Amino acid sequence: AIAQAQRSQPAAPAQPAAPPAPPRGPVEPLPAPVVIVIDFQEVLRNSAAAKSIQQQLERTRSSYQEDINKKERDLRAAEQELGQQRAVLAPEAFQQRRRDFETRVADVQRDVSAKKRQLDQAFEENISKVREQLITIVDELAKETKANMVISRSAIVIVEKKFDLTGEALARLDKKVTSVKLVMPQIKQ
């Protein structure tokens, strides 16, 4: 039955063929590849500038954690006080204080989330400045070595050491940028 249905179906109208591509002329031969390899992640992780960013972020994170710990202690004290007032307060008054307490808890949770987002965004924005400098340095290395291709070390399984210029890129980056002044973005809560 399926075979009959397929035979009785009219053939789909033919699609018009795409026009042929215009001739491009002779294709120039490509130059032989000259490749250098850079482990971008290693350079970004081990550079003085990246370490500077990490240290500044860690100090900021510690400051935030102290503030959060204080707020959590205050909330625990308020919760204990609320538990003691339960027997003394009228049900409506207790419910109102309970709602106020829950609002404070939600505010602290929003604050913690906002600070975490701020730290994450600060890292990304500040490390991008270092990444831009690294790209400039890699471009200089490519020109100096007459390389016409730069490949990330993460994309390669095996490479001869003389093609891997990660150490040179790191040394030049450390010479050019020793630290980055951490700029904290403003986050809306």
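So the values come out like this:
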item	result
Matching residues, segment 55-99, being among the polar types (S, T, N, Q) and surrounded by fewer than 15 Cβ atoms within 10 Å (Cβ to Cβ)	GLN55, SER62, SER63, GLN65, ASN69, GLN80, GLN84, GLN85, GLN95, GLN96
Exclusive hit being in contact with an Asp or Glu (Cβ under 8 Å, 6 or more places away or on another chain), assigned to a helix (DSSP H, G or I) and not small (Gly, Ala, Ser), set PHE123, PHE101	PHE101
Qualifying residue in segment 108-125 (condition: farther than 30 Å from LEU75 by Cβ and open to solvent by less than 40 Å² (accessible area, probe 1.4 Å))	no
Matching residues, segment 152-180, being open to solvent by 100 Å² or more (accessible area, probe 1.4 Å), in contact (Cβ under 8 Å) with a residue 12 or more places away in the chain and over 19 Å from the mean Cα position of the chain (by Cα)	LYS176
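The values are calculated or read from the model by the stated rules, or taken from the named source; none is laboratory data. All figures in this text were calculated on a predicted structure; none of them were measured in a lab. Note that each Cβ is placed from the backbone with ideal geometry, even for glycine, and that neighbours are counted across all protein chains shown. Only protein heavy atoms, including side chains, enter the accessible area calculation; ligands, DNA and RNA are left aside. Shrake-Rupley method; radii C 1.70, N 1.55, O 1.52, S 1.80 Å.
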